[in-house]
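The values are calculated or read from the model by the stated rules, or taken from the named source; none is laboratory data. None of the values given here were measured: they were computed from a predicted structure. No Cβ is skipped: glycine too gets one built from the backbone with ideal geometry, and neighbour counts run over all protein chains shown. The area values use the complete protein model at the heavy-atom level, side chains included, leaving out ligands, DNA and RNA. Shrake-Rupley method; radii C 1.70, N 1.55, O 1.52, S 1.80 Å.
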Amino acid sequence: EYKGEDLTYTAEGVKYNHVGWTPEIHAVNGEQFYYARFEEVPRFIVVFVDWDDTVLKAAQTVNYGEAAIAPADPVREGYTFIGWDKDFSAVTEDMTIKAQYEQAEGIEDVQSDNVQCTKILLNGQIFILRGDKTYNAQGQEVK
């Protein structure tokens, strides 16, 4: 007996919603058989990419209105991950979701060839202070 609840079922990973009955239910007089009609819930492709469009997680198929699952927070040298550029909690279309960063700043002690150095992160760029010289992340001296 159907009492008005939403009917859904899933078969081989595809979700279906109830859309009606055959024949249409008007007035029931006596015994009558009705068959539930279902239609496939729309599905969308969601891809998570890094700042340079490198795919971070293989494309996933998400049912209409459901949430996509993000990969682990990405890491970018000289930057701090601050989130994703779009909301993916209720997907209603194909989406490419991009990692968002802000430039990091900071100072930490490091070792280079067993020599104590200072690593400076400034405006997303890395500098190494070694003795009285300063080097960029590629090892070139900066004047």
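Mean separation of Cα pairs under 8 Å and 6+ residues apart, divided by the residue count of the chain: what relative contact order is that in percent?
Numbers: 258 pairs, mean separation 20.3, N = 143.
This gives 14 percent for the chain.
Would any residue of the range 73-105 have its amide N under 17 Å from a label point 7 Å out along Cα→Cβ of ASP50? List them or say none.
In the range 73-105, the label zone of ASP50 (backbone N under 17 Å from the point 7 Å along Cα→Cβ) covers 73-85, 97-104.
Under a point-charge model restricted to the Cβ atoms of Lys and Arg (+1) and Asp and Glu (-1), what is the dipole moment magnitude of the chain relative to its Cα centre, in debye to the nearest 20? Numbers along the way, then the final one.
Working: 12 positive and 25 negative charges, 77 e Å.
Roughly 360 debye, rounded to the nearest 20.
When ligands, DNA and RNA are left out and all protein chains stay put, how many square angstrom of accessible area per residue does the range 1-132 have with a 1.4 Å probe?
On the way: 9310 Å² over 132 residues.
Accessible area per residue, the range 1-132: 71 Å².
What fraction of the DSSP beta bridges in the chain is antiparallel, stated in percent and rounded to the nearest 5?
On the way: 39 of 43 bridges.
Here the antiparallel bridges make up roughly 90 percent for the chain.
At 1.4 Å probe size, with the rest of the protein present, what percent of the exposed accessible area of the chain is carbon and sulfur atoms? Please report the intermediate quantities before stating the final value.
Values: 4790 of 10240 Å².
That fraction is 47 percent.
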